[in-house]
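K.L.:
Take this structure, written in C-alpha cells, and hold onto it; I'll ask about it next.
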Amino acid sequence: MAPRSNCSLTYRFGTWRKKRAISSGYSSANCSSRSTRRKRIYGLSTGLAVVSEIAERVLPEQEVAEPMFRLLLLTAREIERRGEWQLPLAYFAYWTLKLGGWMPPLDRCVSCGKRFGDAQAFQSALFDRLHCGDCRKVGMKPISAAGREFGAKFSAKLDEISVTPEAIVPLVELRETVLNWIELHTERKLFTREMLETN
Ligand SMILES: [Zn+2]
C-alpha cells in the first residue's frame, strides 16, 4: 500500500508542476505579471515540497496509510485552490502528527501538569510535549494560546477554515511545534524546512 501511494504522490506532483509550467508559459506576455506568477508558483512549490517530504517520511511506516494519503491529496488541492500554503501546510503537519498517534495534550505541562490557560507554553525538537514557563528547558520556543487553539480549529474540514493576517504568527508557532515533533518522532531533520524561512 505505502509504496504505491508514494508513486501516486510523485506522479501527482509531477503533473501539477507540469500544468503550472504550461499555464505560466502561455497565459501572458506581460513580463511583470509573468514574474509575479513565477514567484507565486515558486512559493506554492515550497509548501508542496515540505508536504511531500513529510509524506515520504511518514507514509511507509504508518498502518494508516490510506487516511494519510487522503490528507495529502486534500492538502495539495487546497494549496493550489487557495494559492498559498501557510494554512494547508500547518493543517497537514498537525494531522500527520495526529494520524501517527503522536499528538500530545496541548493544554497542560508534561512536567508539572499545570494547565496553560492563556499563558504561553514552550516546545522544542528534543521533547515531544509542551512545558510551562516554570518547567521550560533551555532552547525551547514559545507557543501562544492562539497557536494552540489551532488544534481545535483543525477538527473542521480544511476547505472550511480560514486564517486572518493577524493569526499567521500563532499559526506558524503551531506549525513549527508540530514540525519539531515530526522530526523528533521520525528521528530525522526535514531538509525542505529551511525553505519556509525564505518564503
Ligand atoms: Zn510545568
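K.L.:
Only one of these is under 19 Å from the mean Cα position of the chain (by Cα), at pLDDT 95 or above, within 16 Å of the ligand (Cβ to nearest atom) and closer than 27 Å to Thr164 by Cβ: Leu106, Leu87. Name it.
P.N.:
Exactly one residue qualifies, and that residue is Leu106.
K.L.:
Of the residues Val138, Val169, Val110, which is of a type in the set (Val, Ile, Thr) and touching a helix residue (DSSP H, G or I) at 6+ places or on another chain (Cβ under 9 Å)?
P.N.:
Every option except Val169 fails the conditions.
K.L.:
Give segment 109-124 a look and list any residue that's more than 9 Å from the ligand (Cβ to nearest atom) and farther than 18 Å from Pro170 by Cα, or say none.
P.N.:
Matches in segment 109-124: Arg115 only.
K.L.:
In segment 157-198, what residues are of a type in the set (S, T, N, Q) and under 16 Å from Phe127 (Cβ atoms)? Spell out how you get there, then give the answer.
P.N.:
To start, the set of residues in segment 157-198 that are of a type in the set (S, T, N, Q) comprises 162, 164, 177, 180, 186, 192, 198.
Matches in segment 157-198: Thr177, Asn180, Thr186.
K.L.:
Still on this model: Based on what the data block shows, is Arg129 among the charged types (D, E, K, R), within 14 Å of the ligand (Cβ to nearest atom) and buried (at least 17 other Cβ atoms within 10 Å of the Cβ)?
P.N.:
no
The values are calculated or read from the model by the stated rules, or taken from the named source; none is laboratory data. Being a predicted model, the structure only gives us computed values, none of them experimental. Virtual Cβ from ideal backbone geometry, glycine too; neighbours counted across all protein chains shown.
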